[in-house]
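Report on one structure; see the data block that follows.
The values are calculated or read from the model by the stated rules, or taken from the named source; none is laboratory data. Because the structure is predicted, anything quoted here is derived from the model rather than measured. Surface areas here come from the heavy atoms of the whole protein model, side chains and all, with no ligands, DNA or RNA. Shrake-Rupley method; radii C 1.70, N 1.55, O 1.52, S 1.80 Å.
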Amino acid sequence: MTRKGDVDEDKRATLRRFAALGAASPFARFADSGSESDAPNAIAGYVSAHPGTHFSKLRDDLKLGTGEAQHHLHRLENEGIIASQKDGDYRRYFPAGQFSEFEQVALGYLRRSTARGMLVTLLRRPDVTASELASELDVSRPTVSNYAADLESAGLLSREDGYAVTEPETVLTLLIRYADSFGDDVAALAGEADSLLRYDP
């Protein structure tokens, strides 16, 4: 049985780990040094390592309460440390001033497993068909079509002649830079980066 003390210590360890990232970030100078909580720097560190994350993911990974997370996020936004944008049902968070509008949109879609899988597959195999994408990702053809339409509307995908990532080098750079935060499906890309960066659709 898990005891409350174990949960509290686990939360403290998680906050300390990400707080170290936050304290080392270029935005640390804005942090409230009078705060007794590790939460503000932990949130800043987490957002720096996971740009494009949404509220529930951040809250759960840092083991924060909803009110606690909302309070610190609001303060960090007011202090100019982080920025956020609405993305459908989600609010996504980024280090302030670090990403272009295109990069923010791209990171938001890269945080969705099916959209990320499509983009990763298209970077590796630019001539892949919709049927092959569906098979590769173990989803239906209509699901691929729906995501493709969303990605096209977002400016990440062209459907003029098959499917093509519109800014492949930018998308690949984001994937490689934040590979640890995307999971196993992106980790293998690091070894392929040189050849993929030369990809010219």
- Task: Figure the gain on full extension for SER113 and SER140 (residue separation times 0.36 nm, minus the Cα-Cα span) and round it to one decimal in nm.
- Result: 8.3 nm
- Query: If we restrict to alpha carbons, what Rg and Dmax does the stretch 78-161 come to, in Å?
  - Reply: 14.5, 47
- Hey, could you grab the Kirkwood Rh for the stretch 55-102? Inverse mean 1/r over distinct alpha carbon pairs, Å, one decimal. 11.4 Å
- Message: Show me, bin by bin at 10 Å from 0, the whole-percent P(r) of the stretch 62-201 based on Cα pairs.
- Response: 11, 38, 33, 15, 4
- Surface share of carbon and sulfur [accessible, 1.4 angstrom probe, percent] for the stretch 27-172: 41 percent
